[in-house]
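Each remark here refers to the structure printed beneath this line.
The values are calculated or read from the model by the stated rules, or taken from the named source; none is laboratory data. Just so it is clear, the structure is predicted and the values come from calculations on it, not from any experiment. FYI the Cβ positions are ideal-geometry reconstructions off the backbone, even for glycines, and counts take in every protein chain you see.
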Amino acid sequence: MSDKKITELNNITSANLSDVDEFVVVDISEDETKAITYGELKQFNVEQKFYFENGVTNGTFDTDTTGWNVEAGDETLSVVSGRLRVTFGADGAAGSASGGYQQITGLTIGKLYSLFVGARYTGTNGTVGVNIQQVIGGTSIVNFYGFSDATNESATFTAPSASVLVRVYGGYGTAGTYVEADNISVFEVDANDDVIHTMPEGWKPKDVFEDGLLQREGAVHDYEVVYDGFDYVVKPTVAPSITTQTCVIGVKA
Ligand SMILES: [Ca+2]
């Protein structure tokens, strides 16, 4: 715990809530300024912003390979025509332990997620795969793999841990060959494969914004709010794109 103080409610996020001992809250119900502890803060019906985004960083490969790493051996990563290209090196490693990967964090164990892959290209390798694994060298939890290019694939998986790896790989590690992939995203979904945003326990949604635009609540509008007896869930009518930033203003339930 630090003695860091927060002077604006907008600065309070789930990421730094546990990091402070004392908040200075402005414009609470009595319209006054006072210092309160985290424990006291929970007594107030204050607003917080919660952000729900695609769990994959830079899954569109607009300009570079930021967020992606070489898994093992001597492969190289590059962006060509707005796609991730994995080029295999001379060591010949292939399959389950060779490719490009990104670690996705912040998953909730036991909750359902969807992996969406906009495109896979066999390139010069002959095969191409995109999968989810728990660890490097581990087994596939979800796997798209084959000898042909493919587009718009999705499949759900249950998070076995708070972090998983999403990988782009080839079936043959022949030096100089490459595979490509583009538009990769991971969203939490409900059992019907609809994208959902689960509010942290004890919070319910007040306002929902998509890319800064206020959304309308209701089944025939932009989103629905569902309460499962434990958590409140925001269910967008139209699934967000891989670049959509959803911000939910939450209040104490
Ligand atoms: Ca792209």
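Numbers below:
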item: Hits in region 210-243 - residues which are among the charged types (D, E, K, R) and either touching a residue at least 24 places away in the same chain (Cβ under 8 Å) or part of a strand (DSSP E or B) (or both); result: GLU210, ASP211, GLU217, GLU224, ASP231, LYS235
item: Strands (runs of 3 or more DSSP E) enclosed by region 69-150 - at least 2 residues per element that are farther than 21 Å from SER241 by Cα; result: 76-80, 83-87, 99-104, 128-133, 140-146
item: Some residue of region 122-131 being crowded, with 16+ Cβ neighbours inside 10 Å, closer than 30 Å to ASP231 by Cβ and free of Cβ contacts under 8 Å to residues at least 60 places away in the same chain; result: yes
item: Among the candidates GLY137, GLY99, residue that is at pLDDT below 95, away from the ligand (no atom under 16 Å from the Cβ) and either surrounded by fewer than 17 Cβ atoms within 10 Å (Cβ to Cβ) or closer than 28 Å to HIS197 by Cα (or both); result: GLY137
item: Some residue of region 143-156 being closer than 26 Å to PHE50 by Cβ and crowded, with 21+ Cβ neighbours inside 10 Å; result: no
item: Flag if ALA191 is touching a residue at least 60 places away in the same chain (Cβ under 8 Å), out of contact with any Phe, Trp or Tyr (no Cβ under 6 Å at 6 or more places or on another chain) and part of a loop (DSSP other than H, G, I, E, B); result: yes
item: Filter result for the condition that a residue is among the small types (Gly, Ala, Ser) and either within 16 Å of the ligand (Cβ to nearest atom) or at pLDDT below 80 (or both), over GLY106, GLY92; result: GLY92
item: Verdict on SER154 being touching a Leu at 6+ places or on another chain (Cβ under 9 Å), within 16 Å of the ligand (Cβ to nearest atom) and not β-branched (Val, Ile, Thr); result: no
item: Selection from region 166-192 of residues that are farther than 13 Å from GLN102 by Cβ and either within 16 Å of the ligand (Cβ to nearest atom) or basic (Lys, Arg) (or both); result: TYR178, VAL179, GLU180, ASP182, ASN183
item: Any chance VAL189 is closer than 27 Å to VAL142 by Cβ and at pLDDT 95 or above; result: yes
